[in-house]
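Chemist: A single structure is presented below for examination.
Only the coordinates and a few stated rules stand behind these numbers; no lab work does. Being a predicted model, the structure only gives us computed values, none of them experimental. Here the Cβ is made from the backbone with ideal geometry for all residues, glycine too, and neighbour counts use every protein chain on show.
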Amino acid sequence: MDEKIIKGISKFLSLVLRHSPETINLKLDENGWADVEELIAKCTKNGNVLNAELLDYVVENNDKKRFAFNEDKTKIRASQGHSISVELNLKEVEPSEFLYHGTVENFLESIKKEGLQKMSRQHVHLSQDRETAIKVGGRRGKPIILTINAKKMYQDGFKFYLSENNVWLTDVVPVKYIEF
Ligand code: HQG
C-alpha cells in the first residue's frame, strides 16, 4: 500500500470527520458518526480515491488509530480531535499523577496567563508520556513540554476523559496545575 496515498486519505478523513464535513456535503450525526457508504460515495464524487478496502486499511493501520467503525462497520467517526461539536460519550477516567502537553515557545506567554485552553478544538489534549507530547509539540517547531499535575486537578474536581485511541482530554488546565 502506498504510504503517501494512505496519509492523504487519513488527512482527508480528519478534515471531513473532525472539522468540515460540508466540504463533501457529508452528514455526521450528533455523535460524530458518518455513514460509510455515503462517505465513500461522496469522496469518490469529489475526485478522491476511496473504496471499502482502502478505508478498512486506513482505519486499521492509522498511526494513531484516529478513526473507528461501529460494530457492523456501517458507520465511521474520528475518535477525538474535533472542532465541530459532537457528543462522543467519552468515558471519565482518573488520570495518573502527571500528564504532558507539547507546545512551542511562541505560545508560552499566553499559556502562562490563561492556562491551557481548547483553542479551536473541543478539548485540551494531553499525553500520557513525554515522548508523545514531544511529537505533538514538534508539529509546530521545537517542542516544549509542560507537565500537568493531573491528579491534583482531578482531586480538585476537574474531569478527565480518555478517547478510544488513548488521548487524554480535559476542558481547561488552569495555570496553577502547570509546571513550566
Ligand atoms: C496551544 C494532533 C496560546 C497549544 C496531536 C497548542 C494532538 C495555547 C495549540 C491533537 C493556549 C492548539 C491536538 C493559550 C493552548 N494560549 N496557545 N492559552 N492554550 N495553546 O492542534 O494539543 O494528529 O488544537 O499548546 O497529536 O497541539 O490531529 O492542539 O499548541 O493529539 O490526530 O494551542 O492533534 O492529533 O493546537 O494537538 P491544537 P494540540 P492528530
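Chemist: Scan segment 128-147 for residues that are more than 13 Å from the ligand (Cβ to nearest atom) and either without any contact (Cβ under 8 Å) to a residue 24 or more places away in the chain or more than 18 Å from the chain's Cα centre (by Cα) (or both) and report the count.
Modeler: Residues that pass the stated criteria total 1.
Chemist: How many residues are in contact with a Phe, Trp or Tyr (Cβ under 8 Å, 6 or more places away or on another chain) and assigned to a loop (DSSP other than H, G, I, E, B) if we restrict to segment 116-126?
Modeler: 1
Chemist: Filter segment 20-54 for residues that are in contact (Cβ under 8 Å) with a residue 40 or more places away in the chain, in contact with a strand residue (DSSP E or B) (Cβ under 9 Å, 6 or more places away or on another chain) and surrounded by 14 or more Cβ atoms within 10 Å (Cβ to Cβ) and give the result.
Modeler: Pro21, Leu28, Gly32, Trp33, Ala34, Asp35, Val36
Chemist: Wholly within segment 1-112, which helices (runs of 4 or more DSSP H) include no fewer than the required count, namely at least 2 residues that are within 16 Å of the ligand (Cβ to nearest atom)?
Modeler: Ranges flagged: 3-14, 52-61.
Chemist: Sticking with this structure for a sec: What is the residue count in segment 137-178 for residues that are closer than 18 Å to Ser79 by Cβ and surrounded by 19 or more Cβ atoms within 10 Å (Cβ to Cβ)?
Modeler: So the count comes out to 6.
Chemist: So which pairs qualify, if the first residue must be in segment 148-164 and under 18 Å from His123 (Cβ atoms), the second must be of a type in the set (Gly, Ala, Ser) and assigned to a loop (DSSP other than H, G, I, E, B), the Cβ gap must be under 6 Å, and the two must be at least 6 apart or on different chains?
Modeler: These pairs meet every condition: Ser163/Ser79; Glu164/Ser79.
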